[in-house]
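What follows is a short report on a single structure.
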């Protein structure tokens with residue numbers, strides 16, 4: 001399964017080579033002008049069949065959150081820092097792998113017998129990674145400063161409908177984009193961009209959009225499904241926190257986030273396309289987070305942009321969940337949109 005291969009690949013921001021190689025192999029023969037741009041993103045073009053002349057950019061980012069080694073202490077433990085948005089609460093006791101050789105390690109965690117009275121969350125500056133080295137020299141023979149550190153987790157099927165793995169943000173978008181290219185061509189020209197360094201500032205997408213110069217852009221993402229019980233919530237409360245989106249509800253269409261406001265014409269078009277094709281969908285209205293659309297919509301003279309997301313529980317963690325049904329519905333919506341988008345959809349009412 002391509003999604004499994006992508007999920008288990010290592011590609012912390014700035015070190016996306018393993019993911020890039022999988023994608024280059026998967027899209028070979030399904031697009032033209034395949035290239036690696038100066039930032040490291042993969043771009044490709046699949047000419048359309050409809051004659052509309054529309055050039056539609058589909059973007060998904062290859063990088064994942066993780067860590068980077070910053071130094072080695074005298075006892076052989078590793079100092080490290082975050083790459084992208086990682087919650088400090090998940091760090092103690094976390095299994096990780098370091099560097100090109102995927103050296104196994106564990107983030108230090110004091111025994112509960114010594115720390116049960118501690119109320120505050122341990123900060124990353126006070127944590128270290130234990131790789132079983134006995135000294136600084138021993139550790140230096142295995143890892144070095146600058147090595148990326150990734151969650152040590154594996155992809156698996158959970159029941160009949162669910163899949164579990166790391167880096168669904170945004171390997172699920174990459175998988176969808178590969179499926180789109182393998183299922184084409186479509187009525188419009190597809191400008192594919194598998195971007196780098198999204199998690200540290202939407203950097204690859206900015207360059208890719210300036211190079212491809214699209215008329216329209218759809219960003220394919222994995223997004224937060226906060227549809228699980230909140231242990232801090234009042235069970236008797238009349239209102240509940242905005243769940244962002246939920247597993248099983250179909251693709252999530254962003255209305256607004258911290259990085260952009262979805263073009264209202266495209267949001268209207270996507271909703272109409274979903275309804276016309278009996279595809280379930282949901283609206284993402286919580287204002288947190290951001291995507292590559294935040295950079296793409298401001299590229300060149302401006303690019304009308306929208307985000308089509310896959311709901312994922314426990315995102316930015318070693319074990320995210322997604323639904324096979326949501327994946328199928330998201331792919332169906334993207335393909336239907338590419339076959340029905342015309343310049344009329346961009347008319348202002």
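The values are calculated or read from the model by the stated rules, or taken from the named source; none is laboratory data. Just so it is clear, the structure is predicted and the values come from calculations on it, not from any experiment. Backbone-built Cβ (ideal geometry, glycine too); neighbour counts: all protein chains shown.
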Select from the range 26-42 the residues that are in contact with a helix residue (DSSP H, G or I) (Cβ under 6 Å, 6 or more places away or on another chain), crowded, with 20+ Cβ neighbours inside 10 Å and farther than 14 Å from residue 180 by Cα and list them in ascending order.
41, 42
Looking only at residues that are buried (at least 24 other Cβ atoms within 10 Å of the Cβ) and in a loop (DSSP other than H, G, I, E, B) in the range 187-196, which one is farthest from the chain's Cα centre (by Cα)?
188
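Condition check ((1) within 13 Å of residue 185 (Cα to Cα); (2) crowded, with 17+ Cβ neighbours inside 10 Å; (3) out of contact with any strand residue (DSSP E or B) (no Cβ under 6 Å at 6 or more places or on another chain); (4) outside the structural domain of residue 101 (by TED's automatic domain parsing)) across all residues:
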{"position": "11", "(1), (2), (3), (4)": "no, yes, no, yes"}
{"position": "15", "(1), (2), (3), (4)": "no, yes, no, yes"}
{"position": "24", "(1), (2), (3), (4)": "no, no, yes, yes"}
{"position": "47", "(1), (2), (3), (4)": "yes, no, no, yes"}
{"position": "51", "(1), (2), (3), (4)": "yes, no, yes, yes"}
Would you point out the residue of the range 143-156, among those that are touching a strand residue (DSSP E or B) at 6+ places or on another chain (Cβ under 6 Å) and in a strand (DSSP E or B), that is surrounded by the fewest Cβ atoms within 10 Å (Cβ to Cβ)?
156
Flag for residue 179 being more than 30 Å from residue 50 (Cβ to Cβ) and either at pLDDT 95 or above or not in a helix (DSSP H, G or I) (or both)
no
Among the residues of the range 5-50, which ones are within 22 Å of residue 296 (Cα to Cα) and assigned to a helix (DSSP H, G or I)?
19, 20, 23
Pair list, Cβ under 7 Å, 6 or more apart: the range 314-331 residue touching a residue at least 40 places away in the same chain (Cβ under 8 Å), other residue assigned to a helix (DSSP H, G or I) and surrounded by 22 or more Cβ atoms within 10 Å (Cβ to Cβ):
315/168; 315/169; 316/169; 320/168; 322/168; 322/172; 330/176; 331/176
With the checklist (1) more than 24 Å from residue 189 (Cβ to Cβ); (2) in contact with a strand residue (DSSP E or B) (Cβ under 6 Å, 6 or more places away or on another chain) in hand, flag the one item residue 280 doesn't pass.
(2)
Restricting attention to helices (runs of 4 or more DSSP H) lying wholly within the range 252-349, give those where 2 or more residues are within 30 Å of residue 97 (Cα to Cα).
324-340
Which listed residue is closer than 25 Å to residue 310 by Cβ and surrounded by fewer than 21 Cβ atoms within 10 Å (Cβ to Cβ), from 103, 90, 121:
90
